[in-house]
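K.L.:
One structure follows; several queries about it will come next.
The values are calculated or read from the model by the stated rules, or taken from the named source; none is laboratory data. These figures come from a predicted structure and were not determined experimentally. Cβ placement follows ideal geometry from the backbone for every residue including glycine, while neighbour counts extend to all protein chains displayed. Note: accessible area is taken over every heavy atom of the protein model, side chains too, but ligands, DNA and RNA are not part of it. Shrake-Rupley method; radii C 1.70, N 1.55, O 1.52, S 1.80 Å.
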Amino acid sequence: MITLYHLEKSRSFRIVWLLEELKLAYGLDYDLISFNRDNKTYLAPKELKAIHPMGKAPILVDDSLPVGEQALAESALIIEYLLKTYDREQKFYPADDKAWRDYTFWMHFAEGSLMPPLVMGLILSKACEKSPFFAKPIARKLKDGIGKMILNNNVSSALELIEQSLAKSPWFAGSEFTGADVQMYFAVAAARERTVLPSAMTATRAWLDRCESRAGFIKTVEKVGTVF
Ligand SMILES: N[C@@H](CCC(=O)N[C@@H](CS)C(=O)NCC(=O)O)C(=O)O
């Protein structure tokens, strides 16, 4: 049996989505255990730490793995594991070597290059919001300074690369939807949510629409709500 430990409005949306795609394609069954974030800190509840030492979502537990090795963390590993184990006709796996290189590149790019500056921007904004009124001007200066110096350029370069890629092919690994689209969706949707995705990036916006109109995606939203 597969169990997904899901946290509201988080990266585990990816795994619910992939599980829904696998359910539609093969009838794969799974259990979903959902948690809310802490109201004040927005962090995950401590129950997640009891399942995996990192205590972050997503966590997938597969009873068919050896005892002591059943809890998997990190979205990319979970996606790879689900495809390797349950996508028996390789419907969501890259079809050839070129597609595999693109797939692997974007699989790492999501968490390695796009999420870090987005998360850092979010943390700085929250620090500004939460700082006492007399410290706000300093906090704002710090946020704007770091944004200008590092974060904005990194986000822009990443989004430009994404736009160029999606102008050439409908999905990240070529002509077919793969696990790389699931992995990238959260990061690109986060950029849109933070209003840093330019409206002129039409290929990226069309890809977001393509993702959001898939039957598996629609089922996911029915089950756990929208991603943000
Ligand atoms: N690189 C990890 C990141 C996991 C992660 O940071 N998850 C966030 C949800 S978006 C989380 O659980 N945050 C709550 C917390 O840190 O307490 C992945 O891709 O799975």
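K.L.:
Being open to solvent by 40 Å² or more (accessible area, probe 1.4 Å) and under 21 Å from the mean Cα position of the chain (by Cα) is the filter; apply it to segment 36-51 and report the residue that is farthest from Met1 (Cα to Cα).
P.N.:
Residues of segment 36-51 open to solvent by 40 Å² or more (accessible area, probe 1.4 Å): 36-43, 46-47, 49-51.
From the residues that got through so far, the ones that are under 21 Å from the mean Cα position of the chain (by Cα) too are 36-38, 41-43, 49, 51.
On the way: Asn36: 23, Arg37: 26, Asp38: 28, Thr41: 32, Tyr42: 30, Leu43: 27, Lys49: 21, Ile51: 16 Å.
Per the stated criteria, the residue is Thr41.
K.L.:
Within 30 Å of Glu89 (Cα to Cα), touching a Ser or Thr at 6+ places or on another chain (Cβ under 9 Å), open to solvent by less than 70 Å² (accessible area, probe 1.4 Å) and of a type in the set (A, V, I, L, M, F, W, C): which single residue out of Ala139, Ala167, Ala180 fits that description? Spell out how you get there, then give the answer.
P.N.:
Working: Ala139 fails: within 30 Å of Glu89 (Cα to Cα); Ala167 fails: open to solvent by less than 70 Å² (accessible area, probe 1.4 Å).
Exactly one of Ala139, Ala167, Ala180 is within 30 Å of Glu89 (Cα to Cα), touching a Ser or Thr at 6+ places or on another chain (Cβ under 9 Å), open to solvent by less than 70 Å² (accessible area, probe 1.4 Å) and of a type in the set (A, V, I, L, M, F, W, C), namely Ala180.
K.L.:
Within segment 8-35, track down each residue that is open to solvent by 10 Å² or more (accessible area, probe 1.4 Å) and within 10 Å of the ligand (Cβ to nearest atom).
P.N.:
Answer for segment 8-35, where residues must be open to solvent by 10 Å² or more (accessible area, probe 1.4 Å) and within 10 Å of the ligand (Cβ to nearest atom): Glu8, Lys9, Arg11, Phe35.
K.L.:
Right, next: Determine the pairs where a residue that is at pLDDT 95 or above and within 16 Å of the ligand (Cβ to nearest atom), located within segment 66-77, has a partner that is open to solvent by 30 Å² or more (accessible area, probe 1.4 Å) and in a loop (DSSP other than H, G, I, E, B) with Cβ atoms under 7 Å apart, the partner being 6 or more residues away or on another chain.
P.N.:
Ala71/His52; Ala73/His52; Ala73/Met54; Ala73/Lys56; Ser75/Arg11
K.L.:
Against the condition in contact (Cβ under 8 Å) with a residue 12 or more places away in the chain and under 28 Å from Gly147 (Cβ atoms), how does Val182 come out, does it pass?
P.N.:
On the way: in contact (Cβ under 8 Å) with a residue 12 or more places away in the chain: yes; under 28 Å from Gly147 (Cβ atoms): no.
Answer is no for this residue.
K.L.:
If a residue must be more than 16 Å from the ligand (Cβ to nearest atom) and within 18 Å of Trp17 (Cβ to Cβ), how many such residues does segment 78-89 contain? So that I can check it myself, show each step before the final result.
P.N.:
Here is the first cut: in segment 78-89, the residues more than 16 Å from the ligand (Cβ to nearest atom) are 84-89.
From what's left, within 18 Å of Trp17 (Cβ to Cβ): 84-87.
Summing the residues that are more than 16 Å from the ligand (Cβ to nearest atom) and within 18 Å of Trp17 (Cβ to Cβ) in segment 78-89 gives 4.
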